[in-house]
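*Asks:* First, the structure itself, so that you have it in front of you.
The values are calculated or read from the model by the stated rules, or taken from the named source; none is laboratory data. Remember, predicted model here, so these are calculated numbers, not experimental data. Glycine gets a Cβ as well: all are built from the backbone with ideal geometry, and neighbour counts include every protein chain shown. Accessible surface areas use protein heavy atoms only, side chains included; no ligands, DNA or RNA. Shrake-Rupley method; radii C 1.70, N 1.55, O 1.52, S 1.80 Å.
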Amino acid sequence: MQWDGTVEGVTPIIDWILDAGTIVASFTKEGVLRIETLEGTMSASTNDYIIKGVQDEFYPCKPDIFDATYELAEDTE
């Protein structure tokens, strides 16, 4: 999921992370999205992608890294 930097935009991200069964994210009153990762606490910036890794961990990824690493999946329906 890509975060647009808004309070409204953070709600589905927090819900997605919480639905995974582990509380690993928080949204501060200063508007910072913090995510507990395997490497420690990371802060997400506006337009960062929030990624779920192979060990069910979550972490932010900068848009340029995301675009260079991943490609759009084809619709299999």
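*Asks:* Which pairs have Cβ atoms under 7 Å, sit 6 or more apart or on different chains, and link a residue in the stretch 47-72 that is more than 18 Å from GLY5 (Cβ to Cβ) to one that is open to solvent by less than 40 Å² (accessible area, probe 1.4 Å) and of a type in the set (Ser, Thr, Tyr)?
*Replies:* Here the result reads GLU57/THR37, each pair linking the stretch 47-72 to a residue that is open to solvent by less than 40 Å² (accessible area, probe 1.4 Å) and of a type in the set (Ser, Thr, Tyr).
*Asks:* With the structure loaded, tell me whether MET1 is surrounded by 13 or more Cβ atoms within 10 Å (Cβ to Cβ), without any contact (Cβ under 8 Å) to a residue 24 or more places away in the chain and not polar (S, T, N, Q) or whether it fails that test.
*Replies:* Against the criterion (surrounded by 13 or more Cβ atoms within 10 Å (Cβ to Cβ), without any contact (Cβ under 8 Å) to a residue 24 or more places away in the chain and not polar (S, T, N, Q)), MET1 does not qualify.
*Asks:* Additional query: So which residues in the stretch 32-51 are open to solvent by 30 Å² or more (accessible area, probe 1.4 Å) and either farther than 14 Å from ILE65 by Cα or touching a strand residue (DSSP E or B) at 6+ places or on another chain (Cβ under 6 Å) (or both), if there are any at all?
*Replies:* The answer is VAL32, ARG34, GLU36, LEU38, GLU39, THR41, MET42, SER43, THR46, TYR49.
*Asks:* If you check ALA20 against the conditions, is it out of contact with any Gly (no Cβ under 6 Å at 6 or more places or on another chain), open to solvent by less than 30 Å² (accessible area, probe 1.4 Å), small (Gly, Ala, Ser) and at pLDDT below 90?
*Replies:* Here the answer is no, as ALA20 does not meet what is asked.
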